[in-house]
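The values are calculated or read from the model by the stated rules, or taken from the named source; none is laboratory data. If you're wondering where the values come from, they're calculated on a predicted model, not measured in any experiment. Surface accessibility is based on the protein's heavy atoms, side chains included, excluding ligands, DNA and RNA. Shrake-Rupley method; radii C 1.70, N 1.55, O 1.52, S 1.80 Å.
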Amino acid sequence: MRTAYSVETVRAAERELMARLPEGTLMRRAAAGLAAACADLLGRVYGSRVVLLVGSGDNGGDALYAGARLARRGAGVSAVLLAPERAHAGGLAALRRAGGRAVGVEAAEELIGRAGLVVDGIVGIGGRGGLRPEAVPLAEAAERARAAVVAVDLPSGVDADTGEVRGAAVRADLTVTFGTHKPGLLIDPAREYAGTVRLVGLGLDLPAEPALEALQHADVARLLPVPAAGSDKYRRGVVGIAAGSARYPGAAVLAVAGALRGGAGAVRYVGPAGQAVIARYPETLVSDRGPRHAGRVQAWVVGPGAGDDAATVAEVLAADVPVLIDADGLRLAQAQAVRARRAPTLMTPHAGEAAALLGVERERVEGGRLSAVRELARRYGATVLLKGSTTLVADADGGPVRVNPTGTSWLATAGSGDVLSGLAGSLLAAGLSPVDAAGAAAYLHGLAGRRAADGAPMGAHDVAETVAEAWRDVARGQRGCTPRTGHGALRHWAG
């Protein structure tokens, strides 16, 4: 499990550790890890040109000490001091002893243009609201340059706790973060600024419960249901799918496709697209008598392609089993009816649907995904899976928010979300909690999307067909597709 902690938690852990160590030990550890990462990126340190962008905080000190290490290995290191009178004194002295030099901001653009590496030590994890005006030209020069950009702990200008970017920020190729991941490194839009993320351990004593957690292969493998020798289709769970309409029969077919690959023993379909469903998937148990008379189910999925069928949505919400609400169902479900449910509820909006539920602009949700998913979970008393470039899962009872690390931008295709809903609903029926069902489904869906696309366009039906392959990879513990963060990292889009 990859975990991320809030700035407040990290600082408290750092203070506790620093109280037990000789002065400066923690900064030297961080600087050593930063210098090693920079050296790896440069390939050849001797003769290279390195520019440090140095602010007044500890990040600037980390950059200066790392620069001193690179200078001792033969790099030409120049430190651009944004606030010379407040630069870290020890770090600056170390750099000068190693042969590096300090310059003012007026020399920065020329130096950056000739550099092979730029180190961003402008602002630390406490920064808020984007870069200050005097730092913006430096970030712009670094982005124009051919140099690789390394951020110290996180890119300057992004919010470490929320992943929000409220102004200009540094775009890094590599972020070297210390002690633990910070939420902003795992959540868009900030994640896009971080590049590849490299964690340098500091020996922090962190709480058991993080702010964010990201499932990995082994975590998902432990969640996936496996039939016992005595299992039958009912013991494995039956999922009901109430989806589709005369206008959108394909949504029903795709939701059933996802459900059939999600671990439940049987899928019941209720709705007007029965002929289309049975033609494609004859193993489906089809009924035209409505959810109440469809037969026993352990969970329901309602809403994909439902049009204006509010009656069916209301009938499903009245069921005393876990319910997943998606697409049209989110618009048709009465908030009070959702909050009044005693059985678990999982809602799966994309950013536009989330914005409508919250009564805000879509841009506000996309720019503040973490706050949006938490607010939706609190407001509706439900588990919420917020789809998008970073898929997040929040529980109504609080606790860590799960961030999905798999996916690809090719998943931004019609029907992809219907497959995800069926898959998650099937895992609910198989006995997983809403948080685990949502997290495991998003992981498998993203992994299947990446495999189905393989760098080229694909359709939602391709994703459904590839879920079994993704499941096998996870169950076998294969590590080849374990995702990373940053530029080129896996993305999870579900339309």
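Computed over all pairs of different Cα atoms, the Kirkwood value for the hydrodynamic radius of region 131-205 is 12.4 Å.
Computed across region 363-402, the Kirkwood hydrodynamic radius from all distinct Cα-Cα pairs reaches 9.8 Å. Taking 0.36 nm per residue of separation and subtracting the current Cα-Cα distance, fully stretching the chain between Arg247 and Ile278 would add 9.4 nm.
Measuring nothing but how far apart in sequence close Cα pairs (under 8 Å, 6+ apart) lie, relative to its length, the chain scores a relative contact order of 13 percent. By the Stokes-Einstein formula, at 1.567 mPa s and 4 °C, region 271-430 with its Kirkwood radius over alpha-carbon pairs has D equal to 80 µm²/s. Using just its DSSP H runs of length 4 or more, each adding -39500 (n - 2.57), the chain gives a mean residue ellipticity at 222 nm of -12000 deg cm²/dmol after division by all residues. Note on region 96-253: Kirkwood radius taken over Cα pairs, Stokes-Einstein applied at 37 °C and 0.692 mPa s, translational D equal to 169 µm² s⁻¹. Here the accessible area of region 404-481 is 45 percent carbon and sulfur, with a 1.4 angstrom probe and all protein chains present.
What fraction, in whole percent, of alpha-carbon pairs in region 69-174 exceed 20 Å separation?
39 percent
In plain terms, if you count all Cα to Cα distances in the chain and split them into 10 Å steps from zero, the share in each step is 4, 20, 26, 20, 14, 10, 5, 1, 0 percent.
Express the accessible area of the chain per residue in Å², computed with a 1.4 Å probe while the remaining protein chains stay in the model.
The answer is 40 Å² per residue.
Counting only protein heavy atoms and a probe of 1.4 Å, the accessible surface of region 31-145 is 47% carbon and sulfur. The Stokes-Einstein estimate for region 242-361, based on a Kirkwood radius over Cα pairs and taken at 20 °C with 1.002 mPa s viscosity, is a diffusion coefficient of 149 µm²/s. Residue separation of Ala19 and Arg379 scaled by 0.36 nm, minus their Cα-Cα distance, works out to 125.5 nm of gained length. Surface composition of region 220-305: carbon plus sulfur atoms contribute 51% of the solvent-accessible area (1.4 Å probe, protein chains only, all chains present).
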